[in-house]
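A.B. asks: For reference, the structure I am asking about is given below.
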There are 2 protein chains.
Amino acid sequence: MKTRQKSWRNREEPGGTGRNRLRSPAAQSARGASRDSCCSTMRTESRIIWWLRWTVTVIAALLLGFVIGWSANHKRLQPNAVDKSTSSKYLKELLRGMQPDQIRRNLWKFTRLPHLAGTEQNLRYAEQIGEEWLEFGLDSVELVPYDVLLSYPNQSQPNYISIVDRFGGEVFNTSLAEPVPEGYEHVSDIVPPYSAFSAKGQPEGDLVYVNYGRTEDFSQLKEEMGVNATGKIVIVRYGKIFRGNKVTNAMSAGAKGVIMFSDPDDYCAAGVQTYPDGWNLPGGGAQRGNVLNLNGAGDPLTPGYPAKEYTYRSSIEKGAGLPKIPVHPIGYHDAVHLLKNMGGPTPPNNWKGTLDVPYRIGPGFTGDFKSQKVRMNLHTNNQVTRIHNVIGRIRGALEPDRYVILGGHRDAWVFGAIDPMSGVAVVHEIVRNFGLLLRKGWRPRRTIIFASWDAEEFGLQGSTEWAEDNAKLLQERAVAYINADSAIEGMYTLRVDCTPSLHTLVYDLTKQIASPEEGEEDISLYDSWHKRDNWTDDRDAPRISKLGSGSDFEAYFIRLGVAAARARYTKNKETERYSSYPVYHTGYETFELVEKFYDPTFKRLRAVAQVRAGLIFQLADSQLLPLDAEQYAASLEKYALSIARLAQRSPEQLAASGASFDALFSAVNNFTAAARGFHERPLRRDDPLELRAVNDQLMYLERAFIDPMGLPGRPFYRHVIFAPSSQNKYAGMAFPGIYDALFDIKNSADPPAAWEEVKRQISIAAFTVHAAAMTLTPPA
Amino acid sequence: MKTRQKSWRNREEPGGTGRNRLRSPAAQSARGASRDSCCSTMRTESRIIWWLRWTVTVIAALLLGFVIGWSANHKRLQPNAVDKSTSSKYLKELLRGMQPDQIRRNLWKFTRLPHLAGTEQNLRYAEQIGEEWLEFGLDSVELVPYDVLLSYPNQSQPNYISIVDRFGGEVFNTSLAEPVPEGYEHVSDIVPPYSAFSAKGQPEGDLVYVNYGRTEDFSQLKEEMGVNATGKIVIVRYGKIFRGNKVTNAMSAGAKGVIMFSDPDDYCAAGVQTYPDGWNLPGGGAQRGNVLNLNGAGDPLTPGYPAKEYTYRSSIEKGAGLPKIPVHPIGYHDAVHLLKNMGGPTPPNNWKGTLDVPYRIGPGFTGDFKSQKVRMNLHTNNQVTRIHNVIGRIRGALEPDRYVILGGHRDAWVFGAIDPMSGVAVVHEIVRNFGLLLRKGWRPRRTIIFASWDAEEFGLQGSTEWAEDNAKLLQERAVAYINADSAIEGMYTLRVDCTPSLHTLVYDLTKQIASPEEGEEDISLYDSWHKRDNWTDDRDAPRISKLGSGSDFEAYFIRLGVAAARARYTKNKETERYSSYPVYHTGYETFELVEKFYDPTFKRLRAVAQVRAGLIFQLADSQLLPLDAEQYAASLEKYALSIARLAQRSPEQLAASGASFDALFSAVNNFTAAARGFHERPLRRDDPLELRAVNDQLMYLERAFIDPMGLPGRPFYRHVIFAPSSQNKYAGMAFPGIYDALFDIKNSADPPAAWEEVKRQISIAAFTVHAAAMTLTPPA
């Protein structure tokens, strides 16, 4: 296909509809007025008087016509109520147009075969998606390739883990593959469970069990249990934090290998059967996933620059975020064999899972098994591989140079019916419906970009490379980025993570969407969500969370400062304590999983489609951008209080250091006043330049929180307000610079110096918030 | 004074003039049609027909009126020829309004007293300038303070250099001050010559003479003369490169102190007398100046952030760019004493100045003087000090959120009649004339910002801190920055350094300005300049050079990517080989120096005022921004050829490394095509959003060359096309990343690794040029 550009020029002149919208009401009253003037009567026969009358009437009519004409035209500049209602008519059509059946069909269509990043099948899906997007009516669609570092198991030397006896003989080996799900027995090319970017090697030694492998787990291991992980192979359970952080922690502790297993405690819901009879994880299933520590770098060999053909690539040794030790994931059936004979201290209760093993810490085995060791056999290869993003566009009628982006990944570990194809199915239906609107003569004010990213599973690479490639354009022109990864991870209610300036839009929009839940036919998605997940601590509204990372919005939001949001259907996190969803990243993410268990009517996915589409529509077509600076102010205040409270946990050290949050509070107050002033300022919507200037202030508000210096040691995390936790990539932290500096005090050899860094970070945060406030004041 | 804001709202409604224009073709044909309908004739007297007529006529009149009214209003959107000629009328008035006498008066007024940065007198001048700008009619003027690290001699312990005998007795001391210029004997507060930010200390040892202290001089010293500077005090002559680079080189060579002197060879023109009888440097004069190696950091204690009250400051030890050894400048009378008895090798001819000394290399003295040593006595203090920028504004009528900046510094080492007050006098006259235009009802399309920077002499601090403070606004809104440092440094012709996109504007404008030279009353400044300094190698036009650094445009151009230019009157660089101008940074930069020698009629300064003002006017008021992407393309091609040629100097190594410039040439070709396409694209100027989008592409073109990663080791130099040479801050280098990587090969211990860096830098340059090309293509 390559850069196929469908000509849209012969259709409607860009801006055509956008501009001739108004005319009507004044034209109608003009018609009425002329009827009135026809009702005048003649009284005398005098020729002179008659002529006078005639002349006066004609002049009056002329004048009246002039005034009406002038003011009719004057209104052309005011896309006002009429325009708004036109726009909202199209929004209603868009939302109404979403068909559960279509989403079902999309999901079926794109989950027939495994389509790992860099494989032929994933390119085929890219081509198919691109072609269908063109058929739906997008103005242009292109395939954009990059050559990035991926990682695959060696096909002739499988990865596995052995227990070996004193002679080196393998007495137990972990399985080489997951049992194939029923109905897919004919399918080849299912990649066995592996940890992408694992180092190669065959380390052999004693096992140490480190719970979830969090920083606090390693501290507890060392300080409370007196066990040293140096030179050991650590076995950790999946869950709580991003697996790459577990590996980083293990490397810091000196481990020479990492085994990760899914404990039923973390990957099985109570009262639910394992797949295919239910949606719990079977014992033979194992979670695939990359174990990078990229911190936003994208392709490990080209950090900061797009991985094009001519791009300079660093050596693998100098690559960003690559682990230096072997890592491998196993299912809980295999884990039992490794864990059951371990010796060493008894674990604390919160280290125990629900397998029938003692969860002893090690190092090594006990009793009869003392002489046995564990050997990892890892042969995974790193390989520069071509990947393909699909980029589709609807050209904006009035502001083609303003971009609203809906992006989600296409690559999957196997079939990926949840991750990401539930999202892909939704996006496909969204694009179809935007195509229908275009056919009805609608065209958005701003440009809409649809993106099907590749190689998200290998470290957000497709989206990050495209962001690097287009950074200069995005910085100047991107209004917002809406993420479209998995659209469902539970059956309970809506989940939205977004930047504070989008809170208001999310609430307004979800009030216009119906609840997908049975028995809730008459209530809105907002109400359904609100009653299930109220933001009690803060306010009486549905909970919205901070964006962390772990999906493709990262480069847009945290590196470039583009306002961003994600929305999906989720579980009840009060009662369902398992991590993610049980079969996450296994071969059991099939079409049937979604159809039988997660969303049999496909109405939940429709609701998510409506949310994602509605956000895009409103951001692309609203005359005034639906971004709310006052919501940002309210969030900043909350975050500032909370980070100051965190520092107060060591009141004496805080006092001794001389650190103070006054400058930050003062900046937040300043921002709050500027945000209020901004939204109170009168706006002449009929002045296109004044409107553009105000919209620019709204668009660039998120950008104002970007510091080109980056966070300490994480140059691609540049957002001063939000970044992934350095302890857990999945979690979003507010004021991450201050947070990390406070966190580092505990482990610092020189606490006064560590407090200096806290002071420096407070100063940077205060400056950034002040500077952001400046962007909201009148521009001159 | 503080943020005094004069209300401008009661004047003209912004946008008023910009809109009342044109007539649509539709309106004209409609008029024709209605005339036709009037031509129908009556045949019968029947009442019905009469009523028909009446009705038709009234409706026709109404329609006609409507159409006229509609189209009259339609014109409001099209700023066209009329607007242009109005604008050019005001430009003519602006240029004509510049008065040599006013410039003379300004120069006199602001050179009465020394006004070093951070002193009371420099604040007084700031207040006076601010008040007068308000009186001239600017909309607002504010004083913006920062607290930055400055450096002053210790008032109770003077700095000097001694020759000491074997008992430590001082047998010669350098002078503690310059002889005061005649007419200024009553003036106190003349700071003695010193090197700002010199380390304190009293190193004692043998002298080594290192010519200009360039990298090549130090190499020659070591390799050809076999002299080691480690542990020695080096004596270097001023000239050729920035003094801070000399100090960096001396530190790298292990020197423990640096003495800098002005050799008559470099600071006296042939056939000219010394001041006050001519404009040559007297033997008692010495060049002040900072010896920092900031690389764009601004305040050494707050790199990257504005030095506000709440800003975190690093310790002095960690400060950016501070030299670690004592440094001191002396005049040539004193230098003779230090140089005359030196021993060691005879120097090569190009190391010899024109003093009556042998210029022997050392180390140390010879013959009877062998036991004498040199001792430096340096007591200069670093001190956080408040400085003040003056910021004045004219609010743009149509695009207040677009900024055109005219900035120059106000602080001077002593009186500063050339540096910077010749620039200040010119800016003052420019502001007065813009005030006159405002009074006549003109208001620029975009906002104009006038800046009087503080502490330029201490490392461009005032301008850099303001850029840091306003970075987020400037990134989004700054159209161009015109620098206004010294307006004259010679008596020969115009000198312009600017970004390539401004070449065309500079040429067009100088054709509208008269030559200031006697006997050239009828020719333009362009022609006068052209005949004196033709750009022969490249093309038949006046020479324009690349921007280097050493003045306040640095943060705007090289850190933020704002299109920039500087203009001044200069010497004939073919025949006048001395560095800078002879009395540069001495107490002899008096009003009389300018009035008697440099510009007795003040017409040269007027010409410079016209150039600076004209640039600002055109950038602020042109409907379409006068920036030329094709000139940028032509320059990129020239630079690419030249850097590839440089690499070809080691053809075998180049071949062995596998480095290739193909990607760069391909990117430049791509850029050239994009630039051509951009300027050929039809533009509907009557569409305010389309015009704004095109202007945004022009404005952001310079920004596209910024790499947030910065140059290696110089994070605040972010412009991939232009940066100061790492060997000499004053010189502008094209493709500085590649240049430095090629330069490093020579000294690299691992040439293959050094060539890898060359390849990486070529790739970054190619990517950046490609990305810049993308910004010029249609936006969607």
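The values are calculated or read from the model by the stated rules, or taken from the named source; none is laboratory data. Only a predicted model underlies this, so the values are computations on that prediction, with no experimental measurement involved. All Cβ positions, glycine included, derive from the backbone under ideal geometry; neighbour counts span all protein chains shown. These area figures cover heavy atoms from the full protein model, side chains too; ligands, DNA and RNA do not enter into them. Shrake-Rupley method; radii C 1.70, N 1.55, O 1.52, S 1.80 Å.
A.B. asks: How much net charge surrounds A:ARG214 when only other residues with a Cβ under 12 Å from its Cβ are counted (Lys, Arg +1; Asp, Glu -1)?
C.D. replies: After counting each charged neighbour, the total is +2.
A.B. asks: With every protein chain kept in the model, how would you rank B:LYS546, A:LYS92 by accessible area, 1.4 Å probe, largest at the top?
C.D. replies: Reading off the accessible areas and sorting them downward yields A:LYS92, B:LYS546.
A.B. asks: So how strong a dipole does region A:677-780 carry about its Cα centre when Lys and Arg Cβ are +1 and Asp and Glu Cβ are -1, to the nearest 20 debye?
C.D. replies: Result for region A:677-780 is approximately 140 debye, rounded to the nearest 20.
A.B. asks: Taking a label point 7 Å out from Cα toward Cβ, give me the nm distances from A:ASN669 to the same spot in the other copies, shortest first, one decimal.
C.D. replies: Counterpart label points of A:ASN669 in the remaining copies fall at 6.2 nm.
A.B. asks: Further, regarding this structure: For region A:740-780, what is the charge dipole size about the Cα centre, in debye to the nearest 20, if Lys and Arg each add +1 at the Cβ and Asp and Glu each add -1 at the Cβ?
C.D. replies: Value, rounded to 20: 160 debye.
A.B. asks: Then there's this: Just to make sure I understand: if all protein chains stay in place, what is the order of B:GLU589, B:GLU131 by accessible area at 1.4 Å, largest first?
C.D. replies: Accessible-area ranking of B:GLU589, B:GLU131, largest first: B:GLU131, B:GLU589.
A.B. asks: Given a 1.4 angstrom probe, what's the average accessible area per residue across region B:596-651, in square angstrom?
C.D. replies: Accessible surface, normalised per residue, equals 34 Å².
A.B. asks: I'd like the interface area for chains A and B: accessible area of each alone minus the complex, both sides summed, 1.4 Å probe, protein heavy atoms only. What is it in Å² to the nearest 100?
C.D. replies: Summing both chains' loss of accessible area gives about 7200 Å².
A.B. asks: Pairs of alpha-carbon atoms within less than 8 angstrom and 6+ residues apart define the contacts here; what relative contact order does region A:528-602 have, in percent?
C.D. replies: 12 percent
A.B. asks: Considering the dipole of region A:739-780 built from charges on the beta carbon (Lys and Arg +1, Asp and Glu -1) around the Cα centre, which of A:PRO778, A:ALA765, A:TRP755 is farthest to its positive end?
C.D. replies: Positive-end residue among those listed: A:PRO778.
A.B. asks: Restricting to chain A, compute how many DSSP beta bridges are antiparallel as a %, nearest 5.
C.D. replies: Antiparallel bridges make up about 60 percent of those DSSP assigns within chain A.
A.B. asks: About the Cα centre of region A:278-413, how large is the charge dipole given +1 on each Lys and Arg Cβ and -1 on each Asp and Glu Cβ? Please answer in debye to the nearest 20.
C.D. replies: 160 debye
A.B. asks: Considering the options A:THR575, A:HIS333, A:ALA634, tell which one lies farthest towards the positive end of the dipole of chain A, charges being +1 on Lys and Arg and -1 on Asp and Glu at the Cβ, about the Cα centre.
C.D. replies: A:ALA634
A.B. asks: Could you run the Debye sum over the Cα atoms of the protein assembly as shown, one equal point scatterer each and no solvent, and tell me log10 of I(q)/I(0) at q = 0.05, 0.09 Å⁻¹, two decimals?
C.D. replies: For the requested q values the scattering log ratios are -0.48, -1.32.
A.B. asks: For a quick check of understanding: with a 1.4 angstrom probe and all protein chains in place, what accessible area in square angstrom does B:CYS498 have, to the nearest ten?
C.D. replies: Accessible surface of B:CYS498 is approximately 0 Å².
A.B. asks: Using +1 at the C-beta of Lys and Arg and -1 at the C-beta of Asp and Glu, which of A:GLY271, A:PRO153, A:THR510 has the Cα lying farthest in the positive direction of the dipole of chain A?
C.D. replies: A:THR510
A.B. asks: Just to confirm a number: summing +1 for Lys and Arg and -1 for Asp and Glu over residues other than B:GLN727 whose beta-carbon lies under 14 angstrom from that of B:GLN727, what do you get?
C.D. replies: Within the 14 Å Cβ shell, the charges total +3.
A.B. asks: Where the centre of each part is set by its Cα atoms, how far does region A:426-463 sit from region A:650-693, in angstrom?
C.D. replies: That distance is 34 Å.
A.B. asks: Another question, if that's okay. Rounded to the nearest Å, what's the spacing between the alpha carbon centres of region A:87-151 and region B:377-400? Just the number, please.
C.D. replies: Their Cα centres are 54 Å away from one another.
A.B. asks: I'd like to verify something in chain A: which complete DSSP H helices, judged by Cα projection on the helix axis, reach 30 Å or more and average at least 0.5 on the Kyte-Doolittle scale?
C.D. replies: Helices meeting the criterion: A:47-76.
A.B. asks: Let me ask something additional. Please report, in Å, the Rg and the Dmax of chain A, where both are computed over Cα atoms only.
C.D. replies: In Å, with Rg to one decimal and Dmax whole: 29.8, 131.
A.B. asks: Given the C-alpha centroids of region A:307-375 and region A:702-753, what is the distance between them in whole angstrom?
C.D. replies: 28 Å
A.B. asks: Here's something else I'd like to know. Distances from A:ASP277 to the same position in the other copies: list them in nm, one decimal, shortest first, using label points 7 Å from Cα along Cα→Cβ.
C.D. replies: Going from nearest to farthest copy, the values are 11.4 nm.
A.B. asks: Using only atoms on other chains, find how many Cβ atoms lie within 10 Å of each Cβ of peptide A:474-484 and report the average.
C.D. replies: 2
A.B. asks: Within the set of other residues whose C-beta is less than 10 Å from the C-beta of B:SER501, count the net charge using Lys and Arg as +1 and Asp and Glu as -1.
C.D. replies: Charge balance near B:SER501 sits at -3.
A.B. asks: While we're here: Where the label is 7 Å out from Cα toward Cβ, how close does A:GLU518 come to the same position in every other copy, in nm, shortest first?
C.D. replies: 10.3
A.B. asks: Structure shown: which of B:LYS511/B:LYS596; B:LYS222/B:LYS370; A:LYS256/B:LYS746; A:LYS89/A:LYS531; A:LYS440/B:LYS472 lie over 32 Å apart, alpha-carbon to alpha-carbon?
C.D. replies: Too far apart for the 32 Å limit: A:LYS256/B:LYS746; A:LYS440/B:LYS472.
A.B. asks: Can you compute the radius of gyration and Dmax for region B:535-587, using only the Cα atoms, both in Å?
C.D. replies: Reported Rg and Dmax, both Å: 14.2, 41.
A.B. asks: For region A:299-379, state which chymotrypsin sites (Phe, Trp or Tyr not before Pro) are in a DSSP loop and have at most 16 other beta carbons lying within 10 Å of their beta carbon.
C.D. replies: Those satisfying the criteria are A:TYR310.
A.B. asks: Return the calculated 222 nm mean residue ellipticity for chain A, to the nearest 500 deg cm²/dmol, obtained by summing -39500 (n - 2.57) across DSSP H runs with n ≥ 4 and dividing by the residue count.
C.D. replies: -12000 deg cm²/dmol
A.B. asks: Taking a cut-off of 20 Å between Cα atoms, list the aspartates and glutamates near B:LYS318, but don't count ones fewer than 8 places away on the same chain.
C.D. replies: The qualifying aspartates and glutamates are A:ASP750, A:GLU756, A:GLU757, B:ASP147, B:ASP299, B:GLU309, B:GLU465, B:GLU468.
A.B. asks: Kindly provide the trypsin sites (Lys or Arg not before Pro) of region B:573-637 that DSSP labels as loop, not H, G, I, E or B, and whose Cβ sees at most 16 other Cβ atoms within 10 Å.
C.D. replies: Passing both the DSSP loop test and the Cβ count: B:LYS573, B:ARG577.
A.B. asks: Same structure again: Counting only residues 5 or more places away or on other chains, whose amide H sits under 5 Å from the amide H of B:ALA514 once H atoms are built in the peptide plane?
C.D. replies: Sorted by chain and number, the residues that satisfy this are B:LEU525.
A.B. asks: Next question, about the same structure. Round to a whole number: what % of the accessible area of region B:151-238 belongs to carbon and sulfur, probe 1.4 Å?
C.D. replies: In region B:151-238, the share of accessible area belonging to carbon and sulfur is 47 percent.
A.B. asks: Here is a follow-up. At a Förster radius of 56 Å, what calculated FRET efficiency corresponds to the Cβ-Cβ distance of A:ASP356 and B:GLU652, to the nearest 0.05?
C.D. replies: My answer for the efficiency is 0.20.
A.B. asks: Amide H to amide H under 5 Å from A:GLY396: which residues, 5+ apart in sequence or cross-chain, H placed 1.01 Å off N in plane?
C.D. replies: HN-HN under 5 Å from A:GLY396: A:THR447, A:ILE448.
A.B. asks: Restricting to DSSP loop positions (anything but H, G, I, E, B) with no more than 13 other Cβ atoms inside 10 Å of their own Cβ, which trypsin sites (Lys or Arg not before Pro) remain in region A:418-464?
C.D. replies: Listed in order of number, the matching sites are A:LYS440.
A.B. asks: Let me ask something additional. Taking 8 Å as the Cα distance limit and 6 or more residues as the minimum spacing, I'd like the relative contact order of chain B as a percentage.
C.D. replies: Relative contact order of chain B: 15 percent.
A.B. asks: Tell me, which residues of region B:648-677 get at least 20 Å² less accessible area when the other protein chains come in, versus the chain alone (1.4 Å probe)?
C.D. replies: B:ALA663
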